[in-house]
Amino acid sequence: MLNTKFPGIARESTALGFGCMRLPILPDGKINEPEAIAMIRHAIDSGVKYVDTAYPYHGGQSEVVLGKALKDGYRDKVILTSKLPCWAVQSHEDMMRLLDEQLERLQEDHLDFYLLHALDIDRYHKMQALDFKAFYQDALAQGKIRYTGFSFHDEKAAFLEILEDYPWQMCQVQMNILDENNQATIEGIRRAGEKGIGVVIMEPLRGGLLADPPKEVREKYAAFPVQRSPIEWAFRYLYTMPEIVTILSGMSNMEQVEDNLRIFAKASRESLSAEEKQLYAQIRETYLQRMKTRCTGCEYCQPCPRGVAIPRIFQGYDRSLLRENGSFKEGYEKIVASEADASRCVRCGKCEKTCPQHLPIIRFLQEIRAAVTA
Ligand code: SF4
Ligand code: SF4
């Protein structure tokens, strides 16, 4: 297991972190507790030193199940992170109330990292106005949290503004082969590194897109002198970056745990070769050329006042374009059935004002609707 370190923090972490947002579920939608606990403990027994959860994951049950998994001595073996649901904070007092509620769910007396969850610039300004800094000071002084940080979904300028405003110890951002110039961007990650702020990565497989590549990408991987699975290529792109401390993988079954453990057991910090960098550029180009919308799934455009599931439609359509003979017809019919399809759009323009990718959402919605209902 590749061990890593957060700058300025004595505790050791690992390049692989266990993300508890996609734990195994039962047919009734509840977490399969015995399976989830076995997976988390197996990962920790195999050397994983970082576990991540958040208030809303699995409707609040992720924190409860993780708390059970960390009993019997497992808590002491990991850095434990959870996140303050900033959208639920209406007053200064709400912050400590929510933290206490989360500690109770986890049955813990303290967290290691406590992040402001899913910041965009408007949410950050709200948290500034509610004086999150004084809250952090109190929570740190009371020993309820050890370190501060934030998770982020917005543009680079917003990321840099937040980064410079507080002595954060960590930031959690979306990064993968396709997102070099999206959201925080590689440049933003480099800046965090310069400031001595450890970077934790989410969406390393871009919602699974990189785990199941189109034929041309598979052929490019197969032609490379060193053979790796698409998942290993996706992780390698990240664990070789010196600023990245931990990469979160939302594991859903024991097979995925084993596969990730195998990949990270032989991972190293050695830099990418020129040939590997060239390969990643080709892979990125191939994906992006095939995709119509290139929606990153950040959900900034949500909620739509008419309930249009924009990211679901865009990502579903892009995925279908990446598959051989792929069709989005069936997926789109499900969206129609849940009354979230493009026909409900009244062209109010709200979504386009908030999309950090500046996508022509209204036009794309109509074009996708025409293509899949033709
Ligand atoms: S333009 Fe259409 S999709 Fe966008 S927010 Fe308005 S109704 Fe929703
Ligand atoms: S359409 Fe834009 S705002 Fe909405 S999820 Fe996609 S990238 Fe994000």
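The values are calculated or read from the model by the stated rules, or taken from the named source; none is laboratory data. Computed from a predicted model, the values in this text were never measured in an experiment. Cβ sites come from the backbone with ideal geometry, for glycine too, and all protein chains shown count toward neighbours.
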Where residue 338 falls short, out of the listed (1) in contact (Cβ under 8 Å) with a residue 40 or more places away in the chain; (2) over 15 Å from residue 372 (Cα atoms); (3) surrounded by fewer than 19 Cβ atoms within 10 Å (Cβ to Cβ): (1)
What do you reckon, is residue 328 aromatic (Phe, Trp, Tyr), at pLDDT 90 or above, under 24 Å from the mean Cα position of the chain (by Cα) and outside the structural domain of residue 232 (by TED's automatic domain parsing)? no
Do we find that residue 47 is on the phi > 0 side of the Ramachandran plot, surrounded by fewer than 17 Cβ atoms within 10 Å (Cβ to Cβ), in contact with a strand residue (DSSP E or B) (Cβ under 9 Å, 6 or more places away or on another chain) and of a type outside the set (A, V, I, L, M, F, W, C) in this structure? yes
Would you be able to say whether some residue in the range 6-18 is outside any strand (DSSP E or B), modelled with pLDDT of 95 or more, in the same structural domain as residue 237 (by TED's automatic domain parsing) and under 19 Å from residue 205 (Cβ atoms)? yes
Does residue 300 fit the bill of being away from ligand 1 (no atom under 13 Å from the Cβ) and not assigned by TED's automatic domain parsing to the domain that holds residue 206? no
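For the subset of the range 308-324 comprising residues that are within 16 Å of ligand 1 (Cβ to nearest atom) and free of Cβ contacts under 8 Å to residues at least 40 places away in the same chain, which member is farthest from residue 293 (Cα to Cα)?
Of everything passing the filter in the range 308-324, 309 is farthest from residue 293 (Cα to Cα).
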Of the numbered conditions (1) more than 12 Å from ligand 1 (Cβ to nearest atom); (2) over 27 Å from residue 216 (Cβ atoms), residue 357 fails exactly one; give the number of that condition. (2)
Here's a check for you: in the range 211-264, which residue that is among the small types (Gly, Ala, Ser) and touching a residue at least 60 places away in the same chain (Cβ under 8 Å) is surrounded by the most Cβ atoms within 10 Å (Cβ to Cβ)? 249
Looking only at the range 171-195, how many residues end up being among the charged types (D, E, K, R) and under 20 Å from residue 52 (Cβ atoms)? 1
Counting only residues that are away from ligand 1 (no atom under 15 Å from the Cβ) and touching a Phe, Trp or Tyr at 6+ places or on another chain (Cβ under 7 Å), how many does the range 325-354 have? 1
Wholly within the range 255-374, which helices (runs of 4 or more DSSP H) include no fewer than the required count, namely at least 3 residues that are closer than 24 Å to residue 241 by Cα, more than 16 Å from ligand 2 (Cβ to nearest atom) and of a type in the set (D, E, K, R)? 274-290
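Only residues that are surrounded by 15 or more Cβ atoms within 10 Å (Cβ to Cβ) and more than 13 Å from residue 295 (Cβ to Cβ): list them for the range 355-370, please.
First, the residues of the range 355-370 that are surrounded by 15 or more Cβ atoms within 10 Å (Cβ to Cβ): 355-357, 359, 361-362, 364-369.
Residues satisfying the conditions are 362, 366, 367, 369.
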Please list, ordered by first then second residue, the pairs with beta carbon atoms under 9 Å, 6 or more apart or interchain, first in the range 113-134 and farther than 25 Å from residue 9 by Cβ, second outside any helix (DSSP H, G or I) and among the aliphatic types (A, V, I, L, M). 123/116; 126/89; 130/89
